[in-house]
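Only one structure is covered here, and it is reproduced in the block below.
The values are calculated or read from the model by the stated rules, or taken from the named source; none is laboratory data. Owing to the predicted nature of the structure, the values given are computational and were not obtained by experimental measurement. Counting neighbours? That spans all protein chains shown, and the Cβs are built from the backbone with ideal geometry, glycine included. The accessibility values were calculated without ligands, DNA or RNA, using every heavy atom of the protein model including side chains. Shrake-Rupley method; radii C 1.70, N 1.55, O 1.52, S 1.80 Å.
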Amino acid sequence: MSILAAAALVIHAARILDGRGHEVRDAAVVVNESKIVRIDPHPAHIDIDLGDRTLMPGGIDTHVHIGWHFDKNGRSNDDGTGESADEYAMFAAENAYKTLLGGVTTVQSLGAPIDKTIRDFSGRLPFPRVLTAVEPITDSKLTPDQIREAVRKRAAEGADVIKIFASQSIRNGGAPTMSQEQMDAACGEAKKLGLRTAVHAHGPESVKRSVMAGCTSIEHGALLDQATLDLMAEHAIFFDPNIDLVFRNYFENKSHFLGIGNYTEEGFAQMAKAVPKTLNVFQMGLKTKGLKMVFGTDAVAGSHGRNFQELVYRVQKGGQDPMQAIVSATSLAAESLGLGASIGSIAPGYEADLIALDGDPLRDITALERVAFVMKSGRIVRWTK
């Protein structure tokens, strides 16, 4: 598909959601090159009429693994093992393209070195904007000084965020793996370097240590209790609960994962047990005053491009208000990435990252799965007329 550059465009739709919780009906968004100029309620002319569609900011998925794919043997492959560098890069590029066409214009990939390649080409090819952790810090045997050195190394390699594993995988029970001193070292060093920290943590103790260390966001949190959610809210820690797509995708594609690492029958049984627990945590989170819950999917092989299914589940099964779900995937997600002043909203001076949906997601959240138009930084990459 060719990429069409927009010099100055007036894009009209039946309804506009600005990403901040407001709806404007029968109006247009004015775009000049890569930036949004304004919302115009009474445009003098219209260049693109999207008809009875909903125009909104592109989605922001704060947790993906853009290079993770099913290889030519149909097996889960997260690091290109057994493939040439070219093959691995092409699989990652395919994932990025699918993600953009699915309406997600920015992702945080947490992470592998291939993320940097996709990030570097995201301004030239039809990919989402990419932020990357380059490579997570997983070794719980590292001393605090060694952890600080690992943080500095990733910063030097070009990481946008530092990813730390503070607990086991849910497939292994989710117990804490990093001490308070280790978390203090990781998050403290990152903060000193001006970098955010995204922490894989499932239970109350690992999350508490992360909060006390001043980390930026908690990923997963499948085993949390109300007291820990309150603590996160008190300290303004972002919470990225991945409650549906990652599990659903694993179950649907079990044969592609089974037998690799901790993807065992027992591991799958642990994930099945986690599904109702994660839903309960999410529903508690909705009632926790001041808790900043953002949109993230933990998209792995098989789920790229399906990202918005997570939001549909949050609304239909989790009971989240549709507008708040959309805010969590736009302006709030942008804020969590430190990009709240440039993406995630339809407002003057913001990046022209726009999508249009067939239908009204405030009344039928499944409209998020019917993406008819995608613009990234003023360039049209999808338009179903």
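When both bridge partners sit in the chain, DSSP labels roughly 55% of those beta bridges antiparallel. Here's how it looks for Asp40: its modeled amide H is under 5 Å from those of Ala28, Val29, Val30, which are all 5 or more places away or on a different chain. Phi angles across region 156-161 convert, under the Karplus curve 6.51 cos²θ - 1.76 cosθ + 1.60 with θ = phi - 60°, into 3J(HN,Hα) values of 5, 7, x, 5, 8, 8 Hz, Gly and Pro given as x. Relative to the dominant Cα principal axis of the chain, helix 265-286 is inclined by about 60°.
At a probe size of 1.4 Å, how large is the accessible area of Lys277, to the nearest 10 Å²? Using a 1.4 Å probe on the heavy atoms, I get roughly 100 Å².
The fraction of accessible area contributed by carbon and sulfur in region 36-83 is 47 percent, rounded to a whole number (1.4 Å probe; ligands and nucleic acids excluded).
Of Asp79, Asp298, Asp225, Asp145, the residue with the largest accessible area leads and the full order is Asp145, Asp79, Asp225, Asp298 (1.4 Å probe). Per-atom-type breakdown for region 235-335 gives carbon and sulfur 54% of the accessible area (1.4 Å probe, protein chains only). Solvent-accessible surface of the chain, averaged per residue with a 1.4 angstrom probe and all protein chains in place: 39 square angstrom.
Using Cα springs under 10 Å in a Gaussian network model of the chain, which residue among Gly82, Gly267, Gly111 shows the largest mean-square fluctuation? In the Gaussian network model the winner is Gly82. The HN-Hα couplings worked out from phi for region 143-155 by the Karplus form 6.51 cos²θ - 1.76 cosθ + 1.60 (θ = phi - 60°) are 6, x, 5, 5, 5, 4, 5, 4, 5, 4, 5, 5, 4 Hz, whole numbers, x standing for Gly and Pro.
Would you mind checking the pairs Lys35/Lys192; Lys72/Lys163; Lys163/Lys292 and listing those with alpha carbons more than 22 angstrom apart?
Working: Lys35/Lys192 32 Å; Lys72/Lys163 29 Å; Lys163/Lys292 19 Å.
Table pairs above 22 Å Cα-Cα are Lys35/Lys192; Lys72/Lys163.
Computed as a quarter of the hull surface, the mean projected area of the alpha carbon convex hull for region 143-228 stands at 5.2 nm².
Using only side-chain charges placed at the Cβ, +1 for Lys and Arg and -1 for Asp and Glu, the dipole size of region 56-99 relative to its Cα centre rounds to 160 debye.
Amide H contacts of Leu131 (H built 1.01 Å from N, in plane; Pro and chain starts excluded): Val107, Gln108, Ser109 sit under 5 Å, all sequence-distant by 5 or more or on other chains. Shape verdict for region 146-297, please, from the Cα gyration tensor: rounded (a/c under 1.5), prolate (a/b greater than b/c) or oblate. Because a/c hits 1.5 or more and a/b fails to exceed b/c, region 146-297 counts as oblate.
Run the dipole for the chain about the Cα centre, Lys and Arg Cβ at +1, Asp and Glu Cβ at -1, nothing else charged, and hand back the magnitude in debye, nearest 20. Walk me through the intermediate numbers first.
Details: 41 positive and 47 negative charges, 57 e Å.
Once rounded to the nearest 20, the dipole reads 280 debye.
From largest to smallest, the equivalent ellipsoid semi-axes obtained for region 39-101 from the alpha-carbon gyration tensor read 39, 12, 10 Å.
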